[in-house]
1. Among the residues in the range 390-410, are any part of a helix (DSSP H, G or I) and under 23 Å from the mean Cα position of the chain (by Cα)?
2. Of all residues in the range 249-273, which are surrounded by fewer than 20 Cβ atoms within 10 Å (Cβ to Cβ), assigned to a helix (DSSP H, G or I) and of a type in the set (A, V, I, L, M, F, W, C)?
3. Consider ALA152 against the criteria (1) part of a loop (DSSP other than H, G, I, E, B); (2) modelled with pLDDT of 95 or more; (3) not acidic (Asp, Glu): it satisfies all of them except one. Which criterion is unmet?
4. For residues in the range 38-80 being out of contact with any helix residue (DSSP H, G or I) (no Cβ under 6 Å at 6 or more places or on another chain) and of a type in the set (Phe, Trp, Tyr), which is nearest to ALA111 (Cα to Cα)?
5. Does the range 94-105 hold any residues that are touching a Pro at 6+ places or on another chain (Cβ under 9 Å) and either of a type in the set (Gly, Ala, Ser) or buried (at least 22 other Cβ atoms within 10 Å of the Cβ) (or both), and which are they?
6. Counting only residues that are over 36 Å from the mean Cα position of the chain (by Cα) and farther than 12 Å from ILE424 by Cβ, which one in the range 338-353 is modelled with the highest pLDDT?
7. Could we say that ALA387 is part of a helix (DSSP H, G or I), of a type in the set (Gly, Ala, Ser) and within 16 Å of ASN324 (Cβ to Cβ) here?
8. Could you please find all residues in the range 287-338 being touching a Cys at 6+ places or on another chain (Cβ under 7 Å) and aliphatic (A, V, I, L, M)?
Amino acid sequence: MWYRYLVLFGKPVVKLLVAMLLANSFVFAAHAETEIRNVEVQSGAEIRVKHFAGQGKAALLWLPSEYGVRAGQDVTAAALASLGYEVWMADLHTAYFVAPGRESIQEFPVADVVELAEKILAAGKETLFLMASGKGAGLALQTAREMQLRAAGRRDLRGLLLLSPFLYQGSPKLGEDNRFLSVVHETNLPVLVLQPTLSEKYWRVEELVEALEVGGSPVTYEEQKGVQSGFEARSADDLSDAELSARRELPARLHHAMAKMAKIESPKRAAASRDPENYRRQAVAEPRLAPYRGPQDLPDIELDDLQGNRHRLSAYRGKVVLINFWATWCPPCVKEIPSLNELNRRMANRDFQLLTINVGEQEAVIRKFLEQHPVDFPVLLDSNGEAIKSWKVYAYPSNYLLDGNGRIHYGYYGALDWVAPDVIDLIQTLLEK
C-alpha cells in the first residue's frame, strides 16, 4: 500500500532539531550571513541568487515556483544555513524578465540552471541538493536529470526536495486522467515529497509516488496536516497558526531528509528516457465554460450534505445539473460563491439543480466558513476524496454542467462569473432541450 511511504515526523533527532530551531528562529533570520550574487552563464544571462552561507559540505539550490521567489522563504533558508547548508535561492523570474504566473517556469532554459548548479559545486561544496515547489519541481527534476546525463555515475548530486509539487503536463482536463511530465518517470535520485493536506494535490499523491518510482527513485512521502501549499513562501501575516508552526518545523524536516539521502548509494547512470516531448509548452485555457471532451461513463455520485440529507446524482435526471467541486481554503472558490448564489436564485423555478461538493474538510470548518459566506444551495461532503478521484478532478474549483439526461456538456476548472450572459445562455440552451 502507498502509505508505506508516509514518514511520521516524530523521531527523537528530528524533535531535538525542531526544539533548537524554534528557540533560535528569529536569531537565524537576523544574523544569517547573506548576500545577493549575479551568476553569469554562457547564454549571457545573469541569474540573480540570494546566497546564505553555510559551514557544512553540502549546498542546496532552491528553485522558484511559478509564482517566483517570495520573502517568506528567507526564514527557512537562514535556518538551513545555520544547520550547515549553503543555500542558493535562484530568482529566475528576474533574470529572464518573466512575470510570475502559471506558465512562467517554461520560460527558463534548463541548460542555464544546470550551469548554475555546476558553478555552485565548483565553488567548493562536495554535494548538492535541489529543492522546489509547485511547477518549479518539474524544472528541478529536469535539471537533475541533465546533470546526470552529462556526468554518469556522479556522486555529488544527492537528491530532490519537492514541496507540494505540480508535475502534470499542462492544465488538467475535466473527466480525463492527467499525464505526468515524462521526467517524473525518468528520475532515479532520492526524492522527498512533502505535501500539505489542504491542497487538491494531496488526493493524487499516491499516483505521484508510484510514478516517481518507475525510474528507480527511492521516494519518501511526508504529509503536512492542516496547512495549504506555499506555507514555506507566503508572508507570516498570511499564515495560520498551523502554517506558522509548519514553517518553523520545516528546516529540521528537510535536514533529516537530506541526511538520509546522503547515505543512499548514487545511481550509476540516469534513468532511461521515456518521452521526447518532456516539457513542452501548454496553452492557457480561456476563462469560460468549454465543451466537455472527456468520458461520459463517470460513476454516480452519492453523498450526504451538511444537513445529513442524501443526494444521488442520478436522482436528478430531468434537470440540468451544475456540479462544483470546491474547498474553503481555495480563493477562486470563495470568489465565485456570490455568483453561484445569484445563479441558484435565478434558476429557482426552473428544472435546474446546483450541487457543490466540498472535498476533504471537517464539517466544523465548513460550517464556520459558511457563517461568513452564506450559501443558498446544498453543500455535499466528499470527506475521503472518493468523488474527486472517480471524476478525475485535479484542481479547484472544477465545474461540470449536465443536461437532463445526465450527459456532461460543458466544464471548466477555475472561478467563473456564473451569471455572465454567455454562461446563462448555455444553461438556457440545455434547459430548452
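The values are calculated or read from the model by the stated rules, or taken from the named source; none is laboratory data. Not measured: the values here are computed from a predicted model. We place every Cβ from the backbone using ideal geometry, glycine too, and count neighbours over all the protein chains shown.
1. Here is the first cut: in the range 390-410, the ones part of a helix (DSSP H, G or I) are 390.
Next, from what is left, pick out any that are under 23 Å from the mean Cα position of the chain (by Cα): 390.
Yes, that holds for at least one residue.
2. Across the range 249-273, the qualifying residue is only ALA259.
3. Only one criterion is unmet by ALA152, namely (2).
4. Once the filter is applied, the top-ranked residue is TRP62.
5. Looking only at the range 94-105, we keep the residues that are touching a Pro at 6+ places or on another chain (Cβ under 9 Å), and these are 96, 100, 104-105.
Result: SER104, ILE105.
6. ASP351
7. Values: part of a helix (DSSP H, G or I): yes; of a type in the set (Gly, Ala, Ser): yes; within 16 Å of ASN324 (Cβ to Cβ): yes.
Yes.
8. Initially, the range 287-338 is screened for residues touching a Cys at 6+ places or on another chain (Cβ under 7 Å), giving 326-327.
If the condition is that a residue be touching a Cys at 6+ places or on another chain (Cβ under 7 Å) and aliphatic (A, V, I, L, M), then ALA327 is the only one that fits.
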